[in-house]
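Report on one structure; see the data block that follows.
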Amino acid sequence: MGFLTKQDLVIVGAGPAGCAAAIQATRLGRKPVLIDARGEPGGLLRNAFLVENYPGLEEPLPGRELVRRLAAQLRSFDIRVTQDKAMMLHHNERAKRFIIFGEKELEARAVIVAVGTYSREVEIDGEKELSGTLLFDEVLPALGLKPARAAVIGGGEAALDYALSLAAAGARVDVLARSGVVKACERLVERVRQESRIRIDCESIVCAMRKVGGAVQVDFVACRPRVYDVCVVAVGRRSRASRFLGTLPEDIIGNGSVKTNIPGLFLAGDARLGSLGQAGIAVGDGLECAMEAHRYLAQRESEC
């Protein structure tokens, strides 16, 4: 860990929520420090096949294009994303300060937590051994392998979105909906059904997977194994905030609020919601967090 640096406002996470918070805070006259483990904006948005429900878009945009525009907007406000994997937050209640422990130690009077989510595990044999090589919880690394055959485990919006990205890259894709049903908006389901390269399988129950040569063999409860070049897991997500804060978000935050019961600490986007949400909701959270943080800091300054 590096030396301690003191800041006014630190925003942890550079997805849509964190970026929106940084831009709004800058507009309000603050100089926020925006940190992210990857050192670049976008978060999970870069995995989106098409974003079509974000206000103001004339046509649907690939997630990576929206991220490119987001990065350009940050540059226009002279906001830099500092790469730092924030590991833990400590609140000094007496001094009304926060310490963010990562590669560097940052002290801040206010913190906006927009750390997003992490993928739930499938909890089947072979998962840990294959993770990061032939099994991924995001679609971009899977696309990098240029698979001819791919499996997506899950039946929600993210699973179908990932399947469309893989199919668009030329792969034949099995969507393995382990719950037996597909849970996604009708427009997305219809788009997947119209894609001849995608097959939705609601009956085959995955029980194990293992590496066979340079591919992954997926075993099922009551049917023959299948071999894929790559597998992507999309069975739900959990908030990263609990790992960073050392407590569950719901234990410190009011229902529907970005404010916590710890003065100066705010939660935004998927970190608050605990699931893979919508970019528009995340942006709204980020704007609200920035305004609440500005009010909090202004009050602190008036008391000095």
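The values are calculated or read from the model by the stated rules, or taken from the named source; none is laboratory data. It should be emphasised that the depicted structure is a prediction, and the values quoted were computed from it without experimental measurement. Neighbour counts run over all protein chains shown; Cβ positions are idealised from the backbone, glycine included.
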Return the residues of region 158-171 that are surrounded by 18 or more Cβ atoms within 10 Å (Cβ to Cβ) and either in contact (Cβ under 8 Å) with a residue 60 or more places away in the chain or among the charged types (D, E, K, R) (or both); say none if nothing qualifies. A158, A159, D161, Y162, L164, S165, L166
Going through region 255-276 in order, the residues found to be crowded, with 22+ Cβ neighbours inside 10 Å and over 20 Å from N92 (Cα atoms) are V258, A268, G269, D270, A271, R272
For region 118-151, which residues satisfy the criterion of being in contact with a helix residue (DSSP H, G or I) (Cβ under 9 Å, 6 or more places away or on another chain), assigned to a loop (DSSP other than H, G, I, E, B) and surrounded by fewer than 17 Cβ atoms within 10 Å (Cβ to Cβ)? E121, G132, E138
Index of the failed condition, Q24 passing every other in (1) assigned to a strand (DSSP E or B); (2) polar (S, T, N, Q); (3) touching a helix residue (DSSP H, G or I) at 6+ places or on another chain (Cβ under 7 Å): (1)
Return the pairs, sorted by first residue and then second, in which the second residue is among the β-branched types (V, I, T), the first residue lies in region 29-49 and is assigned to a helix (DSSP H, G or I), the beta carbons are less than 7 Å apart, and the residues are 6+ apart or on different chains. L45/V67; R46/V67; N47/V139
Region 96-117: number of residues that are aliphatic (A, V, I, L, M) and outside any strand (DSSP E or B): 2
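Looking at R64, R46, R38, R68, which is the one that is farther than 18 Å from K6 by Cα, in the same structural domain as S242 (by TED's automatic domain parsing) and touching a Leu at 6+ places or on another chain (Cβ under 7 Å)? Explain how you work it out, then say what you get.
Working: R64 fails: touching a Leu at 6+ places or on another chain (Cβ under 7 Å); R38 fails: touching a Leu at 6+ places or on another chain (Cβ under 7 Å); R68 fails: touching a Leu at 6+ places or on another chain (Cβ under 7 Å).
It is R46.
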Boolean, A298 is part of a helix (DSSP H, G or I), among the aliphatic types (A, V, I, L, M) and buried (at least 18 other Cβ atoms within 10 Å of the Cβ): no
Qualifying positions in region 110-122 - modelled with pLDDT of 95 or more and farther than 21 Å from A279 by Cβ: A110, V111
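Could you list, in sequence order, the residues of region 136-145 that are under 16 Å from F49 (Cα atoms) and touching a residue at least 60 places away in the same chain (Cβ under 8 Å)?
D137, E138, V139, L140, A142, listed by residue number.
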Has region 177-198 got any residue that is within 23 Å of P62 (Cα to Cα), over 21 Å from the mean Cα position of the chain (by Cα), assigned to a strand (DSSP E or B) and not aliphatic (A, V, I, L, M)? no
Could you tell me whether any residue of region 259-273 is touching a His at 6+ places or on another chain (Cβ under 7 Å) and part of a loop (DSSP other than H, G, I, E, B)? yes
A careful count of residues in region 226-258 that are without any contact (Cβ under 8 Å) to a residue 24 or more places away in the chain and part of a loop (DSSP other than H, G, I, E, B) gives 7
Please indicate, with yes or no, whether at least one residue in region 224-236 is under 16 Å from I112 (Cβ atoms) and either surrounded by fewer than 14 Cβ atoms within 10 Å (Cβ to Cβ) or over 18 Å from the mean Cα position of the chain (by Cα) (or both). no
Taking the condition within 21 Å of the chain's Cα centre (by Cα), charged (D, E, K, R) and either modelled with pLDDT of 95 or more or not assigned by TED's automatic domain parsing to the domain that holds A48 (or both), does K211 pass? no
